[in-house]
Structure formats: C-alpha cells, structure tokens
1. Across region 40-60, what is the number of residues that are of a type outside the set (S, T, Y) and touching a Ser or Thr at 6+ places or on another chain (Cβ under 8 Å)?
2. Looking at region 6-39, which of the residues that are under 20 Å from R101 (Cβ atoms) and without any contact (Cβ under 8 Å) to a residue 12 or more places away in the chain is farthest from the chain's Cα centre (by Cα)?
3. Of the residues in region 29-60, how many are closer than 17 Å to A10 by Cβ and not aromatic (F, W, Y)?
4. Looking at S92, is it assigned to a helix (DSSP H, G or I) and within 12 Å of H63 (Cβ to Cβ)?
5. Answer yes or no: is there a residue in region 108-120 that is touching a helix residue (DSSP H, G or I) at 6+ places or on another chain (Cβ under 9 Å), open to solvent by less than 80 Å² (accessible area, probe 1.4 Å) and closer than 17 Å to L13 by Cβ.
6. Restricting to region 1-45, and then to whatever is part of a strand (DSSP E or B) and more than 16 Å from K80 (Cβ to Cβ), can you tell me which residue is most open to solvent (accessible area, probe 1.4 Å)?
7. Could you please give the count of residues in region 95-124 that are of a type in the set (V, I, T) and in a loop (DSSP other than H, G, I, E, B)?
8. Do we have any residue at all in region 73-80 that's surrounded by 12 or more Cβ atoms within 10 Å (Cβ to Cβ), of a type in the set (A, V, I, L, M, F, W, C), part of a loop (DSSP other than H, G, I, E, B) and modelled with pLDDT under 95?
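The values are calculated or read from the model by the stated rules, or taken from the named source; none is laboratory data. Predicted model, so just to flag it, every value in this text is computed and none were measured. Glycine also receives a Cβ, built like all others from the backbone with ideal geometry; neighbour counts cover every protein chain displayed. Protein only, heavy atoms only, side chains kept; ligands, DNA and RNA dropped before computing areas. Shrake-Rupley method; radii C 1.70, N 1.55, O 1.52, S 1.80 Å.
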Amino acid sequence: MITQDKNKYAVELSNSISYLENLGYSNIKADLDGYETPKSYHKKGSNIDVTPDIVAEKEGRKHIFDLSLKSEKPRLLKSKWLFLNTLSKIKSYRFRLITMRGHYKFTNETIGAINLDTVKLLKI
C-alpha cells in the first residue's frame, strides 16, 4: 500500500496484523499507531521513501508483508513491490502480499504486469 492510501485502509492493516499474530508471527513492526515503524528506504534523487507495511518474524526468519489493495497510483505500488521483492531476495527474507476480498483481481493483474508470479499471496 502506498503512502496516500494509509489512512484509507487503516482498518485492513490492523486486521492483517491480528491475522498474522494468530498465525504465530512475532516481533511485528507496522506502519500504524501503536507499533514500531519498520525501516524505511529512501530513493536517491527523489523524495520517495519506501516503507514496508508489516515486518514480522517467524521461526527465526524475517518476513516482509505489503497490503495489496486497489490504488489510484498502481505504478508506485508496482515499483514498491519490485523493490521489496529484490530486497528480500538479497537479504534472504520472505516477501508476501496480503490481499482481501474485492481486491483479488487488482492484485493478480498487477502481479502479472510486473512478472512477480513467485510472490505468495495471503488471502484474508
């Protein structure tokens, strides 16, 4: 989810966090009040910061989660996902997308457009 959509989808983000807690994830960091903010990455030459929506640990391995919800700016979302996927491969993390009912088609089309078919989806 991009920065412009944070306020719009705050409820979905908190639902995703509780879902991950029920699955056994720990040390959860989220871009939400009441949680520690995950590390942000700054794009050189611009004023864009990339922050994962949720970062959690399970069985000693770090997982990066991003919410896949309909957005007005899918191009920014695609570049964010490509960056997070590359970062997770370099650092041996796991990258997952969380999507919800009503957003499946948008998610599948976006993933197909950037050839990110190896990323696993969590459907809530």
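1. The total comes to 7.
2. Looking at residues that are under 20 Å from R101 (Cβ atoms) and without any contact (Cβ under 8 Å) to a residue 12 or more places away in the chain, I get N22.
3. So the count comes out to 13.
4. no
5. Taking every residue of region 108-120 in turn, none turns out to be touching a helix residue (DSSP H, G or I) at 6+ places or on another chain (Cβ under 9 Å), open to solvent by less than 80 Å² (accessible area, probe 1.4 Å) and closer than 17 Å to L13 by Cβ.
6. The selected residue is N27.
7. 4
8. No, every residue in region 73-80 fails to be surrounded by 12 or more Cβ atoms within 10 Å (Cβ to Cβ), of a type in the set (A, V, I, L, M, F, W, C), part of a loop (DSSP other than H, G, I, E, B) and modelled with pLDDT under 95.
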